[in-house]
Amino acid sequence: MSASPIMSRVRSQDTAVQVLRRAVAAGSVHHAYLFEGPAGVGKELAALGLAQALVCERRAPGESDACGTCSACLRANLTHDRVTRHPDITILERALYEPQRIGRRTPESQDISIDQVRTLVLARAAFGPHEGRAKVFIVRRAEELGTSAANALLKTLEEPGDKTHFILLSAQPGDLLPTVRSRTMRVRFGSLPESTVKALLLEQGKDEAVATRAAALACGTMEEAMVTADPELLAGRDAFVLDVLDAITKSERGRGYELAEQAKKDKSKLDADLVALARALHLRLRAESTDAARPAANARRIAEAFAMVTESAENLAGNNNPQLVVESLYFKLRDVLRPALGQPR
Ligand SMILES: [Zn+2]
């Protein structure tokens, strides 16, 4: 648990942070925000930072940030269960709570249920804050709000009680109901610069080589970087993906032939590897398309690469020679992906 204000730990999101700090200082914090941008770039930290500033016991009017050290501030930090100990800061997320806690028999496998909204929001939003400052609801992956849950939330979102604020977080804001979106004020979060991802990994104790490699492959999100920097995850399924992307980034012809040579040894492993590669490109595509700052050409190139990989998987299923499938895929991917990975063609 840290004693610095949570907002000061948000990195490389200066525009968003400035908007929020100004609103806090002016006493004009909106009652419903939608923080949108790729997963793992600081949206949740900023939401907690805003909540902390709102509940802080020592923040004087006109000040833009929490003190970070009062009892309310300390309790605004996330616990190991990924909730907070502050009674006025409520976190909603699919399957975060045991079913019985929210009046259900079955776990929430599909979406954030109306039960969660009823138990955690509607039952509480009607009353003022416990400690008198503000009441904040943070919704992780808000696009997972079920239709009935979202509809139940609408009226409260539009006219929440005094001092009540909602912060919806989403990497796929297009999947939210338009009626929900239209009731929120958008704050955009971009993907992180490679240098920020690397610095954060180093702070978490990753060694220099791992941090450099993971940052280069993480497409600007800590979520991807953490997977990439985890040696156990690396050793398994994603090794092929990283080998391919690394070889493409460095434009090594020889590595393409090596990968093809290895591929012919185990066809079912290659099948799984191609699925993993398709998945990695899909994630990257999502990160690119949710970030307005990235050139649209990148997303097109990655979509093209994704189609190439699925086509190769089909060819493999159609009994084509695995070595040739990988060889031709590697060189096609290299041409289409190098510019999107920030490399000259
Ligand atoms: Zn405080």
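Observations
- Among L54, S113, P99 the positive-end extreme of the charge dipole of the chain (Cβ point charges): L54
- Evaluated at q = 0.08, 0.09, 0.11, 0.14 Å⁻¹: base-10 log I(q)/I(0), Debye formula over Cα of the range 6-188: -0.22, -0.28, -0.43, -0.71
- Between D230 and L78, residue separation times 0.36 nm minus the direct Cα-Cα distance comes to 52.5 nm.
- Relative contact order (percent, whole number), the range 26-87, Cα cutoff 8 Å, 6+ residue spacing: 23
- Listed residues Q262, Q172, Q100, most fluctuating in the chain (Gaussian network, C-alpha, under 10 Å): Q100
- Kirkwood hydrodynamic radius (C-alpha pairs) into Stokes-Einstein, the range 114-233, 10 °C and 1.306 mPa s, D in µm²/s: 95
- Computed from point charges on the beta carbon alone (+1 for Lys and Arg, -1 for Asp and Glu), the dipole magnitude for the chain about its Cα centre is near 660 Debye.
- What the phi angles of the range 107-115 give under the Karplus curve with 6.51, -1.76 and 1.60, with θ = phi - 60°, is a coupling list of x, 7, 8, 9, 8, 6, 7, 5, 4 Hz, glycine and proline written as x.
- Total lysine pairs under 23 Å (Cα atoms) in the chain, excluding pairs fewer than 8 apart on one chain: 15
- Amide H contacts of L34 (H built 1.01 Å from N, under 5 Å, at least 5 apart or other chain): L168, M185, R186, V187
- The label point for A123 and the one for E258, both projected 7 Å from the Cα toward the Cβ, are 5.9 nm apart.
- Length-normalised contact order for the chain - Cα pairs under 8 Å, 6+ apart - percent: 17
- Segment R58..R338, full-extension length gain: 95.7 nm, with 0.36 nm per residue of separation and the alpha-carbon distance subtracted.
- Database remark: amide H of I89 closer than 5 angstrom to the amide H of V136 (H placed geometrically; neighbours at sequence offset of 5 or more, or on other chains; Pro and chain starts carry no H).
- Centroid-to-centroid, using Cα positions, the range 5-53 and the range 168-230 are 15 Å apart.
- Unit charges at the beta carbon, dipole of the range 236-337: most positive-side option, A276, A297, I248: A297
- Residues whose amide H falls under 5 Å from that of L192, counting only those 5 or more places apart or on a different chain, are T221, with hydrogens built in the peptide plane.
- On full extension, the segment bounded by S8 and S268 gains 88.8 nm, given 0.36 nm per residue less the C-alpha separation.
- Where labels lie 7 Å past Cα in the beta-carbon direction, separation of R22 and Q172 in nm: 3.3
- Across the range 156-225, Cα pairs under 8 Å and at least six residues apart give a relative contact order of 27 percent.
- Modelled this way, with points 7 Å down the Cα-to-C-beta line, the labels at A239 and N151 are 5.1 nm from one another.
- Eigenvalues of the alpha-carbon gyration tensor of the chain, scaled by 5 and square-rooted, set the equivalent ellipsoid semi-axes at 42, 22, 18 angstrom, largest first.
- Estimated purely from DSSP H runs of n ≥ 4, each contributing -39500 (n - 2.57), the mean residue ellipticity at 222 nm for the chain is -14500 deg cm²/dmol once divided by its residues.
No lab work stands behind these numbers, since they all come straight from the coordinates. What you are looking at is a predicted structure, and each value in this text was computed from that prediction instead of being measured. All Cβ positions, even for glycine, are placed from backbone atoms using ideal geometry, and neighbour counts span all protein chains on display.
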